[in-house]
Amino acid sequence: MRRSLAAITSELQRLKAEGIRTVSISDESVALLRRALAKSIPPAVTTPPAPSADARLTAAPVKPTPAQDVPAAAPKVASNLPPAPVVKLPDGDKAARWSALRELVLADATCRANVRSGSQVVFGVGNLDARIMFIGDAPGAEEEEQGEPFVGPAGQLLTKMIAGMGLARSDVYIGNLMNWRPQMPGAAGGVQYGNRPPTAAEMAYCQPYLTAQIEVVAPELIVALGKTAAEGLLGPGTFRTLGEVRGQWHTFAGRPLMVTYHPSYVLRTPTNQNKRLIWEDLLKVMEKTGLAISDRQRGYFLGK
Ligand code: URA
């Protein structure tokens with residue numbers, strides 16, 4: 001039950017970060033929340049009535065149990081970070097520079113200190129001659145276990161989206177703003193349930209490593225996946241909801257930047273509308289890179 005509860009909490013937290021204020025919740029989740037609430041509330045306190053199956057919840061009504069707590073404010077680790085590293089790429093070809101950078105990041109004491117035992121620092125992967133670079137916010141459980149970005153459920157959907165563009169995962173480069181999975185308080189030594197978005201300070205620390213990857217790979221354009229990644233690249237406070245900036249061209253590191261939804265948002269809310277919006281953004285990316293677009297691709301979500 002703790003795992004499921006943590007998953008729900010994490011989803012609500014992510015939705016909140018995406019600017020979503022209400023969500024639909026399944027009967028199963030309602031039942032789970034009721035059981036969790038009944039356990040965590042002392043007997044003298046009356047358990048609030050359970051919402052009906054189609055109840056609309058605001059994004060933050062769940063009071064998480066301490067072990068899985070999602071902090072409302074930035075956790076302490078943010079202010080404990082040293083100044084962001086200054087990266088000096090060595091001379092050499094792309095492969096040599098990329099390998100040197102990867103070694104640097106994997107050995108970074110701050111990255112290592114933020115990774116729990118048994119987990120890994122996560123560095124970008126893909127084609128060093130990629131024309132398109134996808135950037136997410138931070139590794140999750142599967143990513144920190146395998147040391148590779150986007151290998152969990154969101155990554156599998158991203159791979160399908162890339163295939164929809166007529167490309168293979170090995171044609172593109174995939175990275176994250178963060179090189180470690182942001183820890184929840186209390187999860188330092190043990191298992192971490194759920195994810196939290198990285199703080200601005202955490203993203204600022206890792207950013208030189210991302211910028212250096214962009215410099216090495218030199219993609220024609222970048223795609224930011226989700227609100228947190230967009231905020232990390234466009235700057236905190238530059239927009240309120242992702243809807244204000246998605247589907248438009250911006251600039252990062254001197255390159256065109258397309259902002260779109262995070263695949264995990266589509267996994268959570270797999271409506272045709274959401275799929276169509278993300279697909280429209282990817283069509284713009286294909287247009288900009290001069291990739292051939294078939295009628296089938298162009299009309300994929302039309303009328304759905
Ligand atoms: N979400 C991200 O933003 N990055 C990952 O690597 C996995 C999930």
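The values are calculated or read from the model by the stated rules, or taken from the named source; none is laboratory data. None of these values were measured; they are calculated from a predicted model. Neighbour counts run over all protein chains shown; Cβ positions are idealised from the backbone, glycine included. Only protein heavy atoms, including side chains, enter the accessible area calculation; ligands, DNA and RNA are left aside. Shrake-Rupley method; radii C 1.70, N 1.55, O 1.52, S 1.80 Å.
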For this session: Could you give log10 I(q)/I(0) at q = 0.10, 0.11, 0.16 Å⁻¹ for the stretch 94-298, computed by the Debye formula over C-alpha point scatterers of equal weight, without solvent?
Result: -0.39, -0.48, -1.04
For this session: Summarise the accessible area of the stretch 94-298 (1.4 Å probe, protein heavy atoms) by the percent that is carbon and sulfur.
Result: 50 percent
Seminar exercise, completed: In the neighbourhood of Pro90 defined by beta carbon distances under 14 Å, the net charge of the other residues (Lys, Arg +1; Asp, Glu -1) is 0
Exercise. If the limit is 28 Å between Cα atoms, which of Lys227/Lys288; Lys88/Lys288; Lys160/Lys288; Lys88/Lys160; Lys160/Lys284; Lys94/Lys227 go over it?
Worked result: Lys88/Lys288; Lys88/Lys160; Lys94/Lys227
Exercise. In units of 2.2 N^0.38 Å, what is the alpha-carbon radius of gyration of the stretch 211-304?
Worked result: 1.12
